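The values are calculated or read from the model by the stated rules, or taken from the named source; none is laboratory data. All values derive from a computational prediction rather than experimental measurement. Glycine gets a Cβ as well: all are built from the backbone with ideal geometry, and neighbour counts include every protein chain shown.
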Amino acid sequence: MFSEQIDQSILKEIYDKAISVSDFGKVATYIPELSLMSPNLFSLSCVIAGSGEIIQTGDADTYFTMQSISKILSLSYAIEKFGMDKVFKSVDMEPTADSFNSLMRLEMASPIPANPFMNAGAIVICSILQKELGRESFNEITNFCELFTGTKPKLNQKVFNSEMSTADRNKSLAYFLNSTPGLLMDSVENSLDLYIKLCSLECTTLDLAKIADVLSCGGKSSFTGKYPLSFETVKTIMGIMITCGLYNGSGECAVRVGIPAKSGVSGGILAVAPGKMGIGVFSPPLDSKGNSLAGLYALEMLSDKLNLRGVKILD
Ligand code: GLU
């Protein structure tokens with residue numbers, strides 16, 4: 001049984017090694033409120049597929065904001081409610097070597113964002129949600145999140161205000177997108193408001209592991225017993241996670257960890273070991289590409305120790 005291979009001593013060893021790596025990273029400062037997070041925080045939560053058994057270590061009670069990990073929720077919701085054709089008419093599903101908030105490609109290559117995990121792509125998804133759901137959009141996504149985690153996530157108002165007041169880059173992206181007729185389905189203001197609210201949703205690593213559990217189990221939650229996702233959505237989300245989940249660090253993550261993952265600039269990473277477990281990890285110091293340094297290291301160790309890639313050497 002897979003669950004017998006993982007125990008507290010493995011997590012303790014990972015914790016001890018990963019925490020020392022975090023010294024080499026830098027906590028995000030471009031959203032001032034994020035810079036207040038202690039660089040010493042670390043937590044790792046795992047949910048075993050099917051049984052829902054929880055195993056975790058570190059500061060597991062600490063709340064942090066989802067940031068780009070919320071792009072999994074907005075994209076999944078949009079696919080579930082409005083279908084693949086509508087979603088992928090205005091955003092592509094291709095990786096890029098660009099940073100998460102890059103503007104360049106929109107002018108140089110195509111006005112259609114390369115994928116829904118780049119900020120530009122996620123803003124387009126939020127514009128669809130805003131157009132279809134209006135004022136209910138934020139409430140709908142938090143209700144949707146509850147199907148995965150069993151609790152409705154809260155908005156961190158301080159992070160929201162901080163990000164809104166420093167969102168020049170995302171505003172530029174939204175205005176640029178809006179210059180292509182028909183691409184943004186709602187106003188720049190409404191689309192950005194939803195985008196930044198979703199980035200400011202609070203979670204723990206256990207919440208992330210519970211969301212990952214649904215992906216790991218093909219759409220069913222081991223906790224709520226609900227089916228928030230169809231298999232088609234699971235396939236799509238995991239494909240985009242493996243190719244685009246860590247932005248221009250996605251290739252490195254695929255090599256080092258080898259399973260689908262999605263990062264956020266607050267220092268969280270959600271990872272899925274298909275059919276095995278859902279994982280959430282958090283450590284605020286980031287590498288140069290905006291991904292949690294210790295988080296990535298911890299996932300690499302976990303993947304190697306538990307053979308999360310599922311490679312079998314046959315005789
Ligand atoms: N709220 C962040 C931004 O838009 C999300 C980026 C991230 O987590 O990678 O800049």
Inset, instruction - Would you please name the residue that is farthest from the ligand (Cβ to nearest atom), looking only at residues in the range 137-196 that are under 21 Å from residue 31 (Cα atoms) and of a type in the set (Asp, Glu)? - result: 189
Legend entry - Per-region count, the range 183-210, residues within 24 Å of residue 132 (Cα to Cα) and either assigned to a loop (DSSP other than H, G, I, E, B) or in contact with a helix residue (DSSP H, G or I) (Cβ under 6 Å, 6 or more places away or on another chain) (or both): 17
Inset, instruction - Identify the residue in the range 11-46 that is closer than 28 Å to residue 167 by Cβ and free of Cβ contacts under 8 Å to residues at least 12 places away in the same chain and, among all such residues, is farthest from the ligand (Cβ to nearest atom). - result: 36
Inset, instruction - Among what's in the range 70-104 and is in contact with a Ser or Thr (Cβ under 7 Å, 6 or more places away or on another chain) and within 16 Å of the ligand (Cβ to nearest atom), pick the residue that is modelled with the highest pLDDT. - result: 95
Inset, instruction - Go through the range 27-54 and give me each residue that's part of a loop (DSSP other than H, G, I, E, B) and touching a Cys at 6+ places or on another chain (Cβ under 9 Å). - result: 31, 49, 50, 53
Legend entry - Which listed residue is over 14 Å from residue 52 (Cα atoms), under 16 Å from the mean Cα position of the chain (by Cα) and within 16 Å of the ligand (Cβ to nearest atom), from 257, 265: 265
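Conditions tested, residue by residue: (1) crowded, with 17+ Cβ neighbours inside 10 Å; (2) of a type in the set (A, V, I, L, M, F, W, C); (3) part of a loop (DSSP other than H, G, I, E, B); (4) under 20 Å from the mean Cα position of the chain (by Cα).
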| residue | (1), (2), (3), (4) |
| --- | --- |
| 10 | yes, yes, no, no |
| 23 | no, no, no, no |
| 56 | yes, no, no, yes |
| 74 | yes, no, no, yes |
| 81 | no, no, no, yes |
| 89 | no, no, yes, no |
Inset, instruction - Would you check if there is a residue in the range 220-227 being in a helix (DSSP H, G or I) and either under 23 Å from residue 88 (Cα atoms) or more than 18 Å from the chain's Cα centre (by Cα) (or both)? - result: no
